[in-house]
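Everything below concerns the one structure shown next.
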Amino acid sequence: MKNLAFLINQFLKRNAKYRVIATCLVLSACGDSSQELSAQALSNLNKSYPSQSGGTLLDATIGEPSGLIYMVAGESAAGAISSNIFNKLLKYDKNLDLEGELVEGWQVSSDQKTITFKLKPNLKWSDGKPLTSADVLWTWQAVTDEKTRSPYASDFQLVKKAETPDALTFSVTYDQAYAPALDSWAGLQILPKHLLQGQDLHTTAFARKPVGSNYYKLDSWANGENIKLSRNPSSVLGQAKIDNLVTRIIPDSSAQFLELMADNIDSMGLDPIKYVRIIPARPELKQKLALYKELGNSYTYMGFNLKRKPYDDVRVRKAINYAIDKQEIIDGVYLGLGIDIASPYKPGTRWSNPDLKPYPYDPKKAKVLLKEAGFTDIDGDGVLERDGKPFSFEILTNQNKEREKSAVLIQRRLKNVGIQANVRAIEWASFISRFIKTGDFDVVILGWGLGLDPDQFNIWHSSQQAPGQFNFIGYNNPSIDKLLEQGRTELNPDKRQKIYHEFARVLLEDSPIVYLSAGYGLSAIHKRVKGIENPAPPAGVGWNTYDWYIPEPLRRPVSGRTEISAN
Amino acid sequence: MNKSLLQRALQNPLSKAGFVIIVLVFLLAMLAPVIAPYDPNDINVKAILLSPSWQHWMGTDGLGRDVLSRMLYGGRISLLVGLVAVGISTAIGILLGAIAGYYRGWVDTLIMRLVDVMLSIPSFFLILAVIAFLTPSIINVMIVIGLTSWMGVTRLVRAEFLSLSGREFVLASRTLGAKDARLIFTHLLPNSLTPIIVSSVLGVAGAVLMESGLSFLGLGVQAPQASWGNILTDGKDYIQFAWWLSLFPGLAILITVLGYNLLGEGLRDALDPRSENNR
């Protein structure tokens with residue numbers, strides 16, 4: 001007991017951020033007078049204001065980015081910040097149509113193999129140096145360089161030749177027509193050659209003091225506390241409205257929520273219980289927070305290790321699929337904020353095959369299939385056996401409340417058909433390095449976040465099974481391989497759609513994973529932030545953050561709680 | 001002798017309270033299958049996060065399971081882990097302490113330095129590090145806690161042995177030709193038993209807390225099995241709204257640990273010849 005108290009004490013002493021939280025708790029606890037004061041402010045929140053610039057937006061992140069060079073960091077925490085600092089050649093507009101970001105326009109050659117990008121004139125890095133096609137070429141060389149070990153390298157390796165005829169022109173030639181090409185250029189953040197040439201991207205100091213070209217530039221980065229961005233006066237896309245973006249590092253979602261309630265951050269992602277139950281039930285939160293929901297381009301699934309028995313048997317996989325009640329998970333865990341799916345695509349998009357239906361909940365069918373596969377309950381203990389071994393496995397997942405709860409619901413359903421499942425939730429980093437990269441698992445519950453292009457070569461193609469690659473379940477199906485290869489080189493959207501509908505059909509029939517649901521991205525943003533589109537357009541709530549603004553009367557006082565809490 | 005020790009300890013109202021608490025907690029945990037109103041793993045997705053009511057005295061959790069029933073079953077885990085872990089650590093402690101205290105010399109030096117090394121590592125970190133390499137399960141938790149908390153008992157037993165082995169009754173027995181084993185098991189050990197009991201009682205409190213801590217971090221008892229620690233984790237995210245998920249397991253841990261500590265302190269006072277009660 002003494003040890004534990006000592007431990008907590010040491011922890012508090014070392015980690016200043018927890019002291020910060022403690023301070024804020026105290027402040028919000030004695031904040032009765034400020035509550036009264038804010039009655040006026042609360043009614044102001046719902047007024048409309050003309051767009052104006054200035055102010056600070058406070059955000060929070062659970063994980064601290066390892067660096068801000070996205071092509072090597074490859075994590076969402078890094079992407080959320082680096083996308084404010086760096087530009088890409090192309091971007092998606094609010095309706096998910098491609099438009100130029102750094103380029104004025106682009107041309108695709110008649111044989112579909114060459115794309116020529118024309119950069120906008122007078123582009124500048126925030127240190128004043130010109131941004132030219134040489135930077136783009138250098139970035140492409142960096143991402144495909146083996147030493148970079150970028151997880152996005154495969155998107156660009158099919159480029160046979162890249163050239164810069166002049167400072168404003170960049171052209172790439174592919175071996176053969178490559179359908180996801182434009183999408184890949186809308187994902188690559190362009191880095192400054194003059195600051196990075198000859199450096200190791202994994203160790204360079206640039207990752208912590210980046211120089212970009214986008215709306216914001218890095219002001220300061222306090223380890224474990226916050227990352228401050230301020231407006232980049234030489235931004236190539238014009239000026240953003242909000243002066244400063246501060247991302248506070250708060251590694252615990254409950255602490256983040258306390259900070260949101262205490263008005264010390266302006267926005268955070270929510271889980272379904274906070275979104276559906278907690279915030280609507282608390283008038284003081286409902287008054288100051290606006291809730292947003294958007295169907296994400298992602299889904300949650302239960303995957304089998306197909307290299308192990310008995311998961312190599314399609315009857316067993318189908319039986320488990322029939323035995324799981326997906327609607328129960330959507331209702332009970334996601335509180336209805338999910339959609340059951342039968343294609344690995346966002347429901348309602350052209351790539352999702354509308355003719356496919358998810359496996360219904362049918363425990364009887366599951367039992368029949370298991371019996372066909374040779375599983376019977378010989379010793380009468382309620383657990384099926386084959387070759388004298390009981391059918392039992394461990395469901396691994398990361399420490400994500402929704403996934404853990406889904407696992408417990410699945411565990412109960414599997415027990416009903418005679419399968420003994422144990423649930424184990426593991427911290428993210430060790431989950432990936434210890435189990436996923438080594439392939440040491442039976443069954444996992446995980447999610448895929450997807451790009452806009454339907455190409456899922458790196459997830460399903462049999463060539464993508466090396467440690468660290470995405471086909472870690474070991475899926476190997478020649479007809480799927482063929483469809484994926486066709487889909488990459490087919491440029492006619494209608495033919496492509498047919499290919500991916502067929503791909504989804506074969507995949508569903510083969511059941512290498514059990515689709516659990518496609519979930520909504522849920523978030524709360526303080527009502528002082530204006531200019532947000534609600535309902536969210538197809539590109540999502542955050543597509544136009546540069547246009548968000550905080551009217552002056554609604555800003556936080558310059559010296560006040562925020563200042564105290566930020567130190 | 002033990003009985004009179006307990007009686008003496010119970011003269012102190014605080015340690016009496018501790019004793020009553022422990023007996024009560026044990027009774028509730030033992031009777032869990034009889035008195036629990038629901039199956040602790042009975043999921044009801046239509047009744048999630050209900051506040052305490054007549055149907056659910058302690059409310060329901062994020063999967064609609066009855067918190068009271070989970071608390072009762074979780075109590076069994078906490079008490080079981082506490083007892084088994086302390087059993088293991090006491091057995092190791094007695095063995096090593098007896099060897100060190102009886103044979104002295106280089107064996108003593110070796111064992112005592114080992115104790116120093118083990119004590120120099122903060123025990124929670126040590127346990128955390130060991131558990132991280134194993135599959136988390138209740139059995140592993142018990143074993144690991146037991147294997148990492150025997151140092152106190154070792155020191156205690158060694159000290160007792162050192163002071164006892166010079167006493168006349170031991171010398172007499174030795175001159176009469178008693179072998180090592182006889183000396184250790186019939187003379188030295190029985191006479192050092194009382195301080196061992198006291199330290200074990202206090203040790204259970206530490207083990208209960210440790211198990212809750214590990215389960216809270218997701219390294220102890222695994223879902224769907226309930227433990228006070230993992231009920232507490234479930235409640236962490238909703239502490240302001242679903243207070244019952246944090247309050248009840250928190251109180252249960254507090255009261256149980258307090259009970260063991262009160263009883264342990266009472267026993268220690270009763271043993272202390274300088275204490276007021278014993279004159």
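Of note:
- Any hit, region A:370-390, residues being crowded, with 19+ Cβ neighbours inside 10 Å, under 32 Å from the mean Cα position of the chain (by Cα) and not hydroxyl-bearing (Ser, Thr, Tyr): no
- Residue match in region B:124-146 (condition: touching a strand residue (DSSP E or B) at 6+ places or on another chain (Cβ under 9 Å), β-branched (Val, Ile, Thr), within 11 Å of chain A (Cβ to nearest Cβ) and closer than 30 Å to B:Ala252 by Cβ): yes
- Among the residues making up region A:365-393, those that are of a type outside the set (A, V, I, L, M) and not in a loop (DSSP other than H, G, I, E, B) are A:Lys365, A:Lys367, A:Lys371, A:Glu372, A:Thr376, A:Glu385, A:Arg386, A:Lys389, A:Pro390, A:Ser392, A:Phe393.
- Entry remark, region A:339-381: residues being more than 19 Å from A:Asp325 (Cβ to Cβ) and either out of contact with any strand residue (DSSP E or B) (no Cβ under 6 Å at 6 or more places or on another chain) or free of Cβ contacts under 8 Å to residues at least 24 places away in the same chain (or both) number 22 in total.
- Region A:503-544, subset in contact with a strand residue (DSSP E or B) (Cβ under 6 Å, 6 or more places away or on another chain) and of a type in the set (D, E, K, R), residue surrounded by the most Cβ atoms within 10 Å (Cβ to Cβ): A:Lys530
- Considering B:Ser227, B:Ser199, B:Ser212, the condition of being buried (at least 20 other Cβ atoms within 10 Å of the Cβ), more than 12 Å from chain A (Cβ to nearest Cβ) and within 30 Å of A:Ser430 (Cβ to Cβ) is satisfied by B:Ser227 alone.
- Some residue of region A:109-128 being surrounded by fewer than 19 Cβ atoms within 10 Å (Cβ to Cβ), among the acidic types (Asp, Glu) and under 21 Å from A:Ala536 (Cα atoms): no
- Any pair with Cβ under 6 angstrom, 6 or more apart, that starts in region A:43-67 at a residue that is among the acidic types (Asp, Glu) and ends at one that is surrounded by fewer than 18 Cβ atoms within 10 Å (Cβ to Cβ) and not in a helix (DSSP H, G or I): none
Residue-by-condition table, conditions (1) within 11 Å of chain B (Cβ to nearest Cβ); (2) part of a strand (DSSP E or B); (3) at negative phi; (4) buried (at least 20 other Cβ atoms within 10 Å of the Cβ):
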position: A:Ile395; (1), (2), (3), (4): yes, yes, yes, yes
position: A:Glu404; (1), (2), (3), (4): yes, no, yes, yes
position: A:Val408; (1), (2), (3), (4): yes, no, yes, yes
position: A:Arg412; (1), (2), (3), (4): yes, no, yes, no
position: A:Lys415; (1), (2), (3), (4): yes, no, yes, no
position: A:Gly418; (1), (2), (3), (4): no, no, no, yes
position: A:Asn422; (1), (2), (3), (4): yes, yes, yes, no
position: A:Ile432; (1), (2), (3), (4): no, no, yes, no
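- Any hit, region A:49-67, residues being under 30 Å from A:Gln176 (Cα atoms) and either crowded, with 20+ Cβ neighbours inside 10 Å or touching a Gly at 6+ places or on another chain (Cβ under 8 Å) (or both): no
- Here B:Asp42 meets the list (1) at pLDDT 90 or above; (2) within 14 Å of chain A (Cβ to nearest Cβ) almost entirely, failing just condition (1).
- Residue within region A:478-491 that is assigned to a loop (DSSP other than H, G, I, E, B) and under 30 Å from A:Thr438 (Cβ atoms) present: no
The values are calculated or read from the model by the stated rules, or taken from the named source; none is laboratory data. The structure displayed is predicted, hence computed values, not measured ones. Using ideal geometry, Cβ is built from the backbone for each residue, glycine included, and neighbour counts are taken over all protein chains shown.
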